[in-house]
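What follows is a set of notes on a single structure, which appears directly below.
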Amino acid sequence: MSVETAEEPGWEVDPDDEWGVAVIATVGRQLRLRREAVGMRVPEFAAAVGYGEDLVYKIEAGKRIPRQEYLDKADEVLGAGGLVSASWEDVKKVRYPKKVRELGKLEGQAIEIGVYECNSVHGLLQTADHARTLFEAAQPPYSQDDVERMVAARLARQSVFDRDPAPSIHFVLEEAVVRRKVGGTMVWRQQLEHLLEVGRLRSVTLQIMPTDSDAHPGLDGKIELLKFPDGTAVGRSDGAFNGRPITDPKQLRILELRYGTIRAQALRPRESLAFTEHLLGET
C-alpha cells in the first residue's frame, strides 16, 4: 500500500476546536486500549487494518480524525462487535472544521436562506470538482489532505436541499461567476449542469445578475441572510457592518432591503435558467 493510500483515511485535528479535540482524543484512547487489550502491537495492528503505523499512532494520540472505513476495519480486527464502528456517530459530528460545522448548523436550522454572490459560485451550489479547484488555487496552498477535507465539508452542507420540509432558498449569482471556466471546460460544464439541476428544485430560486445591469447594492460584496422558525434571523454582508454577522432587527432590515433590490434587478428565475442553458449550449 502506498504512503498516499495509507494516509488517506483521516484528517488533522484543529487544535482550536476544543470539542473536536476532546471527541477525537477519547476515540483514540479507546482504540489504543482495545488494541492493547487483545495484545496487538502497533506494527501488527497497522498491518491487519491495512494502514501505516504513523497513521495508527496519530489516531490513537488524538491528533488525526479517523474516517468511517478505518473505524469499521479496526472494529473487525479487534473483534469489538460494532462498538468501535459505533464511535463514528461521535466522530462524524466533529470531522469538519469548526467554522464549517457552525455554518452548516445554521443552514440546517434555517427555513429561508438568501444569498447574493459576486465572486464565485456559492458553496451550496458547487460541484466537488469546482470546489476542489477553488481550494487548490488558494495561496499559500493547502495540503491535499486539507483540500479534500474542505471539499467534503462543503458537500456535506448541501444536505440542506434534502431536508423535509425543505427551506426556501434564493440565490443571485453575478453573470461573471457562471461564465468563469473554473477547472476547465469539462468541470465548468458539470457545474452549469448542476446549477440547472438545483435551480429547478421547487424549494430553490436561482437568478443571474447580468453584467450589463446598472449599479446595485451588491457591488460591495456578497450578502447572506438566514431566517429561523422562531422569527429570528442572522445576516452578513461584505459591504456592511464590517462584514460581521448581525442579528439586530434594524440592521437586518437594511440587508433585506439591499437583497430585495438585487433580486428585483436580476433576471427572473425562468430567464436565469434559460441563460444558463444557453451558456451550456455554447460549450
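Every read-out reported here was derived from the displayed coordinates using simple, explicitly stated rules and does not represent laboratory data. This one's a predicted model, so the numbers in the text were calculated from it and none came from an experiment. Virtual Cβ from ideal backbone geometry, glycine too; neighbours counted across all protein chains shown.
The table for this structure:
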| read-out | value |
| --- | --- |
| Backbone HN-Hα couplings from phi across segment 63-78 [Karplus 6.51/-1.76/1.60, Hz, Gly and Pro as x] | 9, 9, 8, x, 8, 4, 5, 5, 5, 5, 5, 4, 4, 5, 5, 8 |
| The chain: angle of helix 18-37 to the longest principal axis, Cα-based, in degrees nearest 10 | 30 degrees |
| Between segment 200-243 and segment 52-77, the alpha-carbon center distance in angstrom | 41 Å |
| Estimated distance in nm for a label pair at Leu219 and Arg163, the labels positioned 7 Å out from Cα along Cα-to-Cβ | 3.4 nm |
| Alpha-carbon centroids, segment 265-283 and segment 155-194: separation in whole Å | 13 Å |
| Two-site label geometry, Gln144 and Ala47: point separation in nm, points 7 Å out along Cα→Cβ | 2.7 nm |
| Fully extended contour minus Cα-Cα distance, from Leu155 to Glu76, at 0.36 nm per residue | 25.5 nm |
| Reported label for calculated Rg/Rh (Cα atoms, Kirkwood Rh) given (i) 1.05; (ii) 0.94; (iii) 0.97 | (i) |
| Sorted by Cβ neighbour density within 10 Å, fewest at the top, the residues Asp248, Asp162 | Asp162, Asp248 |
| Residue pairs, from the table Lys105/Lys227; Lys73/Lys105; Lys92/Lys222; Lys58/Lys92; Lys105/Lys181; Lys222/Lys250, whose Cα atoms sit over 23 Å apart | Lys73/Lys105; Lys92/Lys222; Lys105/Lys181 |
| Over segment 105-282, relative contact order from alpha-carbon pairs under 8 Å, at least 6 apart, % | 29 percent |
| Separation in nanometres of the label points that stand 7 Å from Cα toward Cβ, at Gln251 and Ala176 | 2.7 nm |
| Sorted by Cβ density within 10 Å, fewest first, the residues Phe241, Phe45, Phe171, Phe135 | Phe241, Phe135, Phe45, Phe171 |
| Dimensions (Å) - segment 166-283, Cα atoms, principal axes, largest first | 45, 32, 25 |
| Segment 87-183: relative contact order in percent, alpha carbon pairs under 8 Å with at least 6 residues between | 43 percent |
| Residue exposure sequence - Val56, Val178 - by fewest surrounding Cβ within 10 Å | Val178, Val56 |
| Assigned charges on the beta-carbon of Lys, Arg, Asp, Glu; segment 144-283 dipole about Cα centre (debye) | 260 debye |
| Extended-chain gain in nm, criterion 0.36 nm per residue less alpha-carbon gap, Asp90 and Thr26 | 22.0 nm |
| Under 10 Å, Cβ to Cβ, from Gly62 - net charge with Lys/Arg +1 and Asp/Glu -1 | +4 |
| Antiparallel %, DSSP beta bridges [both residues in the chain], to 5 | 55 percent |
